[in-house]
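In what follows, a single structure is set out as structure tokens and then discussed.
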Amino acid sequence: MTRPQARSCPRWCDFADQGGHSGNHVAHIGEIMLPRNAAVFAVAVTAESDSQRPYCVLTLAARQFSPYNRAILSWDMAERLAGLLLHGKRSYAS
């Protein structure tokens, strides 16, 4: 069995200082921890790429810290989502 060859990382990749890796390049942007009684434990935002140009990824993590589901967004879609969240807050939050 052959092992996937490690490739060099772009400067923004969290693994760049480790001399490369297999799989997508990843930069952790942030996360939101949800209440303890929720089925989903956290919503994480990362920039990921299988080449040099990253895209935005939202990942829902389950209680066991394994990915529950992921939404891959273009940066335009991410900006639109941010706008929708801000609009919701301005319109409905007390």
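The values are calculated or read from the model by the stated rules, or taken from the named source; none is laboratory data. Note that the structure is predicted; figures quoted are calculated from it, not measured. Backbone-built Cβ (ideal geometry, glycine too); neighbour counts: all protein chains shown. What goes into the accessible areas is simple: the full protein's heavy atoms, side chains included, and nothing from ligands, DNA or RNA. Shrake-Rupley method; radii C 1.70, N 1.55, O 1.52, S 1.80 Å.
Please list, ordered by first then second residue, the pairs with beta carbon atoms under 6 Å, 6 or more apart or interchain, first in segment 3-25 and more than 23 Å from Ile72 (Cβ to Cβ) and part of a loop (DSSP other than H, G, I, E, B), second of a type in the set (Asp, Glu) and modelled with pLDDT of 85 or more.
Close Cβ pairs satisfying both conditions: none exist.
Looking at Ala62 and the list (1) open to solvent by 40 Å² or more (accessible area, probe 1.4 Å); (2) modelled with pLDDT under 85, which single condition is not satisfied?
Going through the list (1) open to solvent by 40 Å² or more (accessible area, probe 1.4 Å); (2) modelled with pLDDT under 85, Ala62 breaks only (1).
Are any of the residues in segment 39-46 exposed (fewer than 14 other Cβ atoms within 10 Å of the Cβ), in a loop (DSSP other than H, G, I, E, B), modelled with pLDDT under 85 and in contact with a helix residue (DSSP H, G or I) (Cβ under 9 Å, 6 or more places away or on another chain)?
no
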